[in-house]
Amino acid sequence: MSLDFGLIIEQMPDILSGLWVTLWIWVVASILGAALGFLVAAARRYGPAPLDWLLKLYVEILRGNPFLIQLFLLYFGGPFIGLRLEPIPAGLIGLTIYASAYFSEIFRAGFQAVPRGHVEAAQCVGLSRSQILRRILLPEMTMLVLPQCVNMAIILIKETAILSIITVPEMTMVIGAIGSQQYAFVDAMFLLAIFYWVLVEICDWLGRRAEAKLSKFRFAVT
Amino acid sequence: MSSTAPTRTPHANSPEPHAATAPAVAVKGVGKTFGATEVLKGIDLTVPAGATTCLIGPSGSGKSTLLRCIAFLEEATKGTITIKGDPLGFAEAANGQRTRLSPQNIRSVRSRIGMVFQQFNLWPHMTALGNVCEALVTVRKMKRKEAEERGMAQLSRVGLEHRATHYPSELSGGQQQRVAIARALALDPEILLFDEPTASLDPELTGEVLNVMRDLAGSGMTLLVVTHEIGFAATVGESIAFLDHGRLLLNGTPREVFGEPRHPRLAQFLETYLDRGAATLL
Amino acid sequence: MSFKLFELMLWAAGYTVVLSAISIVIGLTIGLCVCAAKLARSRALSIPATVFISFFRGVPLLVQLLLIYNLLPAIGISVPSVVAAVIGLSLCTAAYQAENLRGGFNSVPKGLLEAADMVGLSPWQQLKRIRAPIALRLTLPALVNEAILILKASSLISVVGVIELTRMAQNLSASTYRPLLFYSVAGGLYLVICWTVAGGGALAERLTRTSRA
C-alpha cells in the first residue's frame, strides 16, 4: 500500500465543495435541531399533560432507533406518502429532526437543574414571570447545558458522514468517489478520517474554552 | 471493653523495648509545606499513652494536617514522628539526616494506628459488617467466620449489631461514623486518631458518636482527637493541645490550658465556639 | 407482509443483537486495557492511549468502518466483512468505554482509599476490593448507554454488506417496493431492543446498591 495524497489533492475544487456541504448542513441542522429541541422541551414542561406524553413518544422513538433507519424512512419511504425530497433537503430535515430529540433531552435536564430556590428568591424580590425567565432561568440554563450542546454538535459533525449513504454530496461521498475513481480508496479514507478528527478536536477545544469562560459564573451545583 | 472478644493480634502483646516508658506518639520538629504555604511550622508534641488528647484550634491552624501526618496520610516535610518509640516513615540519624524506611516497616508501624475520618469513608458497596471485617480477612488473613464474630463484637461495642447487614446508604450519619469507629477498633489499634469525627453530622447526631468516644476514653485507650467540640475536649480530654497558625501555642491539662489567666489567642478562639460547649468554660 | 418476511426481519434483528453484544464485550476488554494505559504514570503508555481514544471518538464510525474494511485486504489480511465490521465496532466502543471507565475510576472518593490505606490494604488489594468494584458500579449506567449507542450504530455495518437488521430491511424493501413498511418494522424492532436494554440497565442499577459515597 502506498499513501498517495498527491492524487487526491489534485481534486481540490471537488473536495472544497464537499467540505462546504458538510459544514453548512452541520451548522444549519445543529441550530434548527437545537431550536426545535428547545421548543419540544418547553412544550413538555409548560404545556398540557397530553402534549407532554405525545412529545415524550416523539423523543423516545427518535432516540430509540438508528439515524440511518430514520433517514431511509424519510428518503425512500417519503415518496410513498407524497413526500419526494432531493438528497440534500432530505438529509437536512432528517438530521434536524434526529438532533431535536437529543437537544430536547438536554434542555429538559437544564430546566430541571435550575434549583427551585433560585426562582423562589427571584419571586420574593418581585421579578415578574418573564423577567424570571429572561434574567434567571435562561442564563442559568445556558451555563448548565452549554457543555452538552457542544458535545451534541460534535456528535452531529460525525453523523453528517451518514448522509453520504443517501448520496448527499458532502465530504465522505466526494472523497470516497475520488478514491474509487483513482483506485486509492484506502488513502482517501485516511485523509477523510484525519479531516474529521481535526474538525472534531477543534470543536472540542473551542467548547472547552467557552466552558472555562463560563465556569466562573457557575454556582455550587450540589 | 467487656464485650470485646479477647483476640490477639501479632503485635498487641509483643515485647516492645520501650513500650512501657515511651509516649504513644512523639512528634519532634514536624513541619509541612504545601507548595509555598507552610502549614506546620515545627511542632513538638507528646501524646501520652492510655489517655485522651484533644487537638483544638481555629480552621486552618494545621491540626488536621498534623493528625494526617501522624497517620502517615501526609508526609511531614521536616522532623520525625515516633509511635511508641518506633520511627514512622522516616528515620533520623544523629546528624539530622532523614531516610525513608521500607514500605514493610511503614506498613507495620502504621498498622498500630487506627483512623476515624470526618467524612466516615465507609465503602459503599459493603455492608456495615463487611466494612468492619474487610481488613481482618484481606490483611490479617482471618477466616471469614472468625472475622465476622469479631466484627459483630465491635459493632455491638458501638451499639449497632442490629445494623450489621445494612449498607452505608441505609444508615444515618451518626450510625455511619459509629461503624467507622468499629472498623478501626476491629484491628485492635494501640492509638486511635479522630479527624473532626462529628464535624459533618447534624447537631442531634453528634451525641451518639461523642458517647462512643467517651466510652473508649474511659476504657483506657489512647485517643488523639481533632475536634471543634470544646465541651467534649474540656470534659473528656486529659491533655489539650491548642494549635494556631501552624504552631503549638499551648499544651497541658484542661485546667492548665483553659484556666485563668487565659492566652489571648485561646480566649479569642473560645469566643467563637460558645455553641460548642465553650460557654461552660467562660 | 407475510409471516415469512417478518421472520427474516426477526432473524436479522437477532443478528444485530449478537454482533452488538460481541462488540460490546470485546470493546469493554480493550477499553479496560486502554483505560489502564491512560491512567498509567508512564508516558509511553498514556500518550498512545490518549491518541487511540481521541482518534476513535473523533472519526465518524462510517469512515472507520470503510477504512478498516478496505485497509485489511490492502495490507494482505482477508477476513469476511462481518469480522471487519465487528473489529470496527469494537475499536470504536473501546475508545468510549475507556473514557467512561476512566471517569469511574477518577470519581472514586479519595477518602475511601485513605480508609483502606489506614487498615493496611496493599495497593493491589485496594484496587481489587475497593477501587475497581466502586468504579465499575459508577460506570454501569454509562455502559448501558454505550450498549444502546452501539446497537443503533451497528446499523452502519450494513454498508460493508453485513446482512443485519438495516441491510435486511434494505434488501426486502428493494425487492418488494415497500420501503415504508420494512423500514418502519426495522425501526420498531430497534425500539424494542433499545427499550429492553434500557429497562434491564435500570433494573441492574437498582439491584447493585450503592450510596452516593
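The values are calculated or read from the model by the stated rules, or taken from the named source; none is laboratory data. The model shown is predicted, which means the values in this text are computed figures rather than measured ones. Here Cβ is always computed from backbone atoms with ideal geometry, including for glycine, and neighbour counts include all displayed protein chains.
Here are the numbers for the structure shown:
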item	result
Strands (runs of 3 or more DSSP E) completely within the range B:36-155 that count 1 or more residues being at pLDDT 90 or above, within 20 Å of residue B:245 (Cβ to Cβ) and in the same structural domain as residue B:269 (by TED's automatic domain parsing)	B:37-47, B:52-56
Given (1) modelled with pLDDT of 90 or more; (2) more than 9 Å from every other protein chain (Cβ to nearest Cβ), number of the condition residue C:77 does not satisfy	(1)
Single residue of the range B:90-114 satisfying the filter (among the small types (Gly, Ala, Ser) and buried (at least 18 other Cβ atoms within 10 Å of the Cβ)) that is nearest to the other protein chains (Cβ to nearest Cβ)	B:111
Options A:178, A:154; residue that is touching a Cys at 6+ places or on another chain (Cβ under 8 Å) and within 14 Å of chain C (Cβ to nearest Cβ)	A:154
Number of positions in the range A:24-65 that are touching a Leu at 6+ places or on another chain (Cβ under 9 Å) and either closer than 24 Å to residue C:155 by Cα or not hydrophobic (A, V, I, L, M, F, W, C) (or both)	11
Selected residue (only one of B:80, B:138 is among the β-branched types (Val, Ile, Thr) and within 13 Å of another protein chain (Cβ to nearest Cβ))	B:138
Contacts under 9 angstrom Cβ, first residue in the range A:67-88 being more than 10 Å from chain C (Cβ to nearest Cβ), partner in a helix (DSSP H, G or I) and among the basic types (Lys, Arg), 6 or more apart	none
Residue match in the range A:167-186 (condition: in contact with a Pro (Cβ under 6 Å, 6 or more places away or on another chain) and among the polar types (S, T, N, Q))	yes
Residues of the range A:95-130 classified as at positive phi and among the polar types (S, T, N, Q), total	0
Complete set of residues in the range A:23-73 that are surrounded by fewer than 20 Cβ atoms within 10 Å (Cβ to Cβ) and part of a loop (DSSP other than H, G, I, E, B)	A:47, A:48
Test: residue in the range C:175-194 that is within 14 Å of chain B (Cβ to nearest Cβ), farther than 21 Å from residue C:23 by Cβ, touching a residue at least 24 places away in the same chain (Cβ under 8 Å) and not in a loop (DSSP other than H, G, I, E, B)	no
Cβ-Cβ under 7 Å pairs, at least 6 apart or on other chains, the range C:42-58 side within 12 Å of chain A (Cβ to nearest Cβ), far side of a type in the set (Ser, Thr, Tyr)	C:57/C:96; C:58/A:196
Selected residue (only one of C:98, C:115, C:85 is in contact with a strand residue (DSSP E or B) (Cβ under 8 Å, 6 or more places away or on another chain), of a type outside the set (Ser, Thr, Tyr) and buried (at least 24 other Cβ atoms within 10 Å of the Cβ))	C:115
Residues of the range B:126-145 satisfying the condition of being out of contact with any Leu (no Cβ under 8 Å at 6 or more places or on another chain) and of a type in the set (D, E, K, R)	B:141, B:143, B:144, B:145
Members of the range C:16-41 found to be within 14 Å of another protein chain (Cβ to nearest Cβ) and touching a Leu at 6+ places or on another chain (Cβ under 6 Å), listed by number	C:16, C:20
Contacts under 9 angstrom Cβ, first residue in the range A:144-168 being on the phi > 0 side of the Ramachandran plot, partner assigned to a helix (DSSP H, G or I) and surrounded by fewer than 21 Cβ atoms within 10 Å (Cβ to Cβ), 6 or more apart	A:167/A:87; A:167/A:173
Test: residue C:138 is within 14 Å of another protein chain (Cβ to nearest Cβ), touching a Pro at 6+ places or on another chain (Cβ under 9 Å), more than 20 Å from residue B:184 (Cα to Cα) and in a helix (DSSP H, G or I)	no
Qualifying residue in the range A:131-149 (condition: modelled with pLDDT of 90 or more, of a type in the set (S, T, N, Q) and within 12 Å of the chain's Cα centre (by Cα))	no
Pairs, first touching a residue at least 12 places away in the same chain (Cβ under 8 Å) and among the aliphatic types (A, V, I, L, M) in the range B:144-155, second buried (at least 19 other Cβ atoms within 10 Å of the Cβ) and not in a helix (DSSP H, G or I), C-beta under 8 Å, six or more apart	B:147/B:140; B:152/B:164; B:155/B:164
